[in-house]
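One structure is given below, encoded as structure tokens.
The values are calculated or read from the model by the stated rules, or taken from the named source; none is laboratory data. Every value quoted in this text rests on a predicted model; they were computed, and no experiment measured them. Positions of Cβ are generated from backbone atoms using ideal geometry, with glycine treated the same way; all protein chains shown enter the neighbour counts.
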Amino acid sequence: MRVLITGGAGFIGSNIAFALQDEYPDAKVYILDNFSSGHFKNLIGFKGEVITGDIRDKALWDELRKRLSFDVVYHEAAITDTTVTDQKLMMEVNADSFRYILDSALEWNAKVIYASSAGVYGNTPPPMVEDRGLEPENVYGFSKLMMDHIAQDYMERYPELRIVGFRYFNVYGPRESYKGKTASMIYQLAVKMMHKQRPRIFKWGEQKRDFVYIKDVVKANLLALEKELSGIFNIATGVARSFNEIIDILNRELGTNLETEYFDCPYDFYQEHTQADISRARKELGYEPDFSLEEGIRDYLKYIKA
Ligand SMILES: NC(=O)c1ccc[n+]([C@@H]2O[C@H](COP(=O)([O-])OP(=O)(O)OC[C@H]3O[C@@H](n4cnc5c(N)ncnc54)[C@H](O)[C@@H]3O)[C@@H](O)[C@H]2O)c1
């Protein structure tokens, strides 16, 4: 099996790369990344090859089609900073380049498993179901929705092509630290609190998110590899938890009693409450999350401490 992972130096992509290395030791894994938000340190121990390049570069895809072929393409590369407001840039990187990837997959007859986002739902009422409430609040969410439209068009035009889109909710876990300020709040709060600093969050900490642990996200990606299906799926836990709850769990796990400091939210496109309906992923993919927020944080703290 030959696998290409775009964005493989990033958080989710590198975790997929290591899972493939463990579960499919005979697979030949290539990573394509421009190292804009990824980091080589995420790939220490990776046995495959890295191609340094930009997914927007059409000539690069032409060259890849000539020289290589793949059975599976995991597409994780994207501008992942949801506060970026440059619409042209966001659309070119996240949405337009997706067509090059799908055209290449067509030629290779490769399965495509790509990253969409819960950002497509904006502030529509939870629980978020795949076919409704598609009202992104920012251009990041819009670019992901346009990726889903492109994918759906290819699914219709080429039913033999296998395309799986994953709308990840808030993912946290090992190998996210190089994302800096865009790393999960769980990571940011954990690091602060481990240094005995007071946690700081937007007023009044009751905004809720469906936080999903990276090991469950990897599990979904491996299921998609094994299953013969196409479609778009929410990947989450199905449970919404507040930022105040994260701080309570961290205080408990770290043996601290740090008081929260609240400040005003500066964004007018902030999601207030995300919570996925994961019944489609359960039914069609056989996906079942293994980690509650408590279990995920406990597991993650072992890595952060190390
Ligand atoms: N982490 C989350 O909570 C979350 C939630 C929803 C969706 N997603 C999606 O999952 C995917 C992976 O996100 P992540 O959290 O691992 O982020 P990340 O920033 O760690 O990974 C993105 C990777 O893509 C690379 N990249 C960016 N632009 C590129 C370009 N033009 N050409 C080549 N490589 C490029 C970066 O260098 C990085 O390695 C993204 O598509 C993201 O939108 C993530």
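From the list ILE31, ILE12, which residue is within 13 Å of the ligand (Cβ to nearest atom), closer than 20 Å to ASP216 by Cα and crowded, with 24+ Cβ neighbours inside 10 Å?
Numbers: ILE31 fails: closer than 20 Å to ASP216 by Cα.
Sole residue among the options that is within 13 Å of the ligand (Cβ to nearest atom), closer than 20 Å to ASP216 by Cα and crowded, with 24+ Cβ neighbours inside 10 Å: ILE12.
What number of residues within the range 29-81 satisfy the criterion of being more than 22 Å from LEU161 (Cα to Cα) and assigned to a strand (DSSP E or B)?
Total satisfying the criteria: 5.
Within the range 181-209, can you find the residues that are over 22 Å from ASP268 (Cα atoms) and free of Cβ contacts under 8 Å to residues at least 60 places away in the same chain?
Within the range 181-209, LYS192, HIS195 qualify.
Would you tally the residues in the range 274-291 being farther than 29 Å from GLU135 by Cβ and free of Cβ contacts under 8 Å to residues at least 60 places away in the same chain?
So the count comes out to 0.
Contact list please: Cβ distance under 7 Å, first residue in the range 2-20 and at positive phi, second residue in a loop (DSSP other than H, G, I, E, B) and more than 6 Å from the ligand (Cβ to nearest atom), pairs at least six apart or on different chains.
none
Residues of the range 1-28 being part of a strand (DSSP E or B) and of a type in the set (A, V, I, L, M, F, W, C), which ones?
So the first thing to find is which residues in the range 1-28 are part of a strand (DSSP E or B), and the list is 2-6, 28.
Within the range 1-28, VAL3, LEU4, ILE5 meet the criteria.
Given the residues SER116, SER104, which is the only one that is outside any loop (DSSP other than H, G, I, E, B) and either of a type in the set (Phe, Trp, Tyr) or within 14 Å of the chain's Cα centre (by Cα) (or both)?
Details: SER104 fails: either of a type in the set (Phe, Trp, Tyr) or within 14 Å of the chain's Cα centre (by Cα) (or both).
Only one candidate passes the filter, namely SER116.
Let's see how each residue does on (1) under 20 Å from the mean Cα position of the chain (by Cα); (2) within 9 Å of the ligand (Cβ to nearest atom); (3) assigned by TED's automatic domain parsing to the domain that holds ALA224:
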| site | (1), (2), (3) |
| --- | --- |
| ALA19 | yes, no, yes |
| HIS39 | yes, yes, yes |
| GLY45 | no, no, yes |
| GLY48 | no, no, yes |
| ASP54 | yes, yes, yes |
| LYS58 | no, no, yes |
| ARG65 | no, no, yes |
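Pull up the range 131-155, narrow it to residues that are farther than 23 Å from SER279 by Cα and among the acidic types (Asp, Glu), then point me to the one that is farthest from the ligand (Cβ to nearest atom).
ASP153
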